[in-house]
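Okay, structure first, notes after.
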Amino acid sequence: MTTAETRRDRRPLAEPDLRDATARVLAEEARLREGGGPDAIARQHAKGRKTARERIAALIDPGTDFLELGLWAAYQMYEEWGGAPGAGVVAGIGTVASRRVMVVANDATVKAGAFFPMTIKKVLRAQTIAGQNHLPLVYLVDSSGVFLPMQDEVFPDEDDFGRIFRNNAVFSARGIPQFAAI
């Protein structure tokens with residue numbers, strides 16, 4: 001019988017330890033789903049705006065699931081700037097009008113929805129999955145643009161900010177529907 005071993009002394013991880021570890025992971029996932037946190041969510045609501053997750057919930061068909069991708073993206077990165085939970089964007093597959101779609105929603109509770117380098121990687125990953133599976137893309141845009149203190153890291157590699165727009169053109173040529181709501 002195989003046992004999970006995580007300690008240096010190779011003793012099996014005890015069941016209470018697994019429960020504690022699971023509880024910590026679930027608590028951290030709940031925190032990540034809050035994006036910029038309760039105060040940032042309250043500021044969005046005070047402006048009469050919905051959060052990214054609320055916009056997604058309003059978009060997808062009632063009673064259907066949303067398969068989120070990359071919740072842990074940018075985890076513990078950009079701490080010198082206050083962090084970027086979920087890379088500041090919520091992405092995943094949902095059902096709209098009975099059709100599976102890829103949804104990408106900027107999380108304005110995280111630095112006004114600004115793009116960090118990992119935000120771009122996450123959006124590109126969502127686009128790749130959509131392209132491979134011929135899924136329509138729905139962009140729920142609420143972004144201040146590029147996170148300016150890191151703009152020098154957003155454009156210099158082959159999978160940079162401009163690649164997102166290149167992919168938009170490729171998807172258009174392939175007949176993959178794309179929609180943006182601002």
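Nothing in this text is a laboratory measurement; each read-out follows from the coordinates by a stated rule. Since the model is a prediction, treat every value here as computed from it, not as a measurement. Methodologically, a virtual Cβ is constructed for each residue, glycine included, from the backbone with ideal geometry; neighbour enumeration extends over all protein chains shown.
Each Lys and Arg adds +1 at its Cβ and each Asp and Glu adds -1 at its Cβ; summed about the Cα centre, the chain shows a dipole of about 460 debye. Derived value for the chain: Kirkwood hydrodynamic radius 17.8 Å. Basis is the mean of 1/r over every pair of different alpha-carbon atoms.
Report the longest stretch of the chain that contains none of the trypsin sites (Lys or Arg not before Pro) sitting in a DSSP loop with at most 12 other Cβ atoms within 10 Å. The segment 48-182 is the longest one with no such site.
If a/c stays under 1.5 just call it rounded; otherwise compare a/b with b/c (prolate if a/b is bigger, oblate if not). Do that for the range 13-100, with a ≥ b ≥ c from the square roots of the Cα gyration tensor eigenvalues. Because a/c hits 1.5 or more and a/b fails to exceed b/c, the range 13-100 counts as oblate. As a proxy for reagent exposure, Ile60, Ile129 were ordered by neighbouring Cβ count within 10 angstrom, fewest first; the result is Ile129, Ile60. Amide hydrogen proximity for Trp72: with H placed 1.01 Å from N in the peptide plane, no residue at 5 or more positions away or on another chain lies under 5 Å. Ranked by the mean number of other Cβ atoms within 10 Å of their residues, highest first, the peptides 88-97, 71-80 come out as 88-97, 71-80.
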